[in-house]
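Notes follow once the structure below has been shown.
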Amino acid sequence: MNPPKVTKVIHETGQVADEIDWNISKFLIAERGPGFVACSPSLVELEGGTQAIKFLIDFTAVQEDGVYGYGIVGELYSDLQGKVLWCTPKEIMEQKRDELVTTVQPEKRPKRY
């Protein structure tokens with residue numbers, strides 16, 4: 001299944017409500033496994049005129065000295081309430097994760113309290 005076709009970017013960057021963030025996080029943990037984190041939300045219009053939130057999915061790992069991001073492994077689209085419309089298939093995300101873990105130097109994530 002292919003991702004939805006974006007016809008227009010309404011807002012390139014932004015923040016989402018905690019409830020939406022929570023819904024997306026729960027979906028990723030339950031359906032794709034630990035370590036996949038939604039980031040870089042943007043408001044887009046999809047083919048057919050529907051507005052959606054597009055997220056990039058980063059693979060993040062906890063190591064002895066902190067939390068590290070390895071890079072983008074997929075995309076996720078949700079409606080404006082945080083219900084997932086489409087997400088990169090698990091197998092593709094796992095394959096990209098495995099490639100990144102063996103080929104890139106991860107970026108240390110800052111602590112936020």
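List of remarks:
- The one condition in (1) assigned to a strand (DSSP E or B); (2) more than 12 Å from the chain's Cα centre (by Cα); (3) within 20 Å of MET1 (Cα to Cα) that TRP86 fails to fulfil: (2)
- Residue list for the range 95-104, restricted to those being touching a residue at least 24 places away in the same chain (Cβ under 8 Å) and part of a helix (DSSP H, G or I): LYS96, ARG97, LEU100, VAL101
- Consider the range 15-29 and keep the residues that are under 14 Å from the mean Cα position of the chain (by Cα) and over 16 Å from TRP86 (Cβ atoms). The one that is surrounded by the fewest Cβ atoms within 10 Å (Cβ to Cβ) is GLN15.
- Any hit, the range 35-48, residues being at positive phi, touching a Leu at 6+ places or on another chain (Cβ under 8 Å) and not β-branched (Val, Ile, Thr): yes
- Pairing residues of the range 4-15 that are closer than 14 Å to TYR77 by Cβ with residues that are assigned to a loop (DSSP other than H, G, I, E, B), at Cβ distances under 7 Å and at least 6 apart in sequence or on separate chains, gives PRO4/GLU47; LYS5/GLU47; THR7/GLU47.
- Taking first residues from the range 31-42 that are closer than 20 Å to VAL62 by Cβ and partners that are modelled with pLDDT under 95, the Cβ contacts under 7 Å between residues at least 6 apart in sequence or on separate chains come to GLY35/THR60; GLY35/ALA61; VAL37/THR60.
- Verdict on PHE59 being in contact with a Cys (Cβ under 7 Å, 6 or more places away or on another chain) and buried (at least 17 other Cβ atoms within 10 Å of the Cβ): no
The values are calculated or read from the model by the stated rules, or taken from the named source; none is laboratory data. A quick note: this is a predicted structure, and the numbers were derived from the prediction, not measured. Ideal geometry is used to build each Cβ from the backbone, glycine not excepted, and the neighbour counts take in all protein chains shown.
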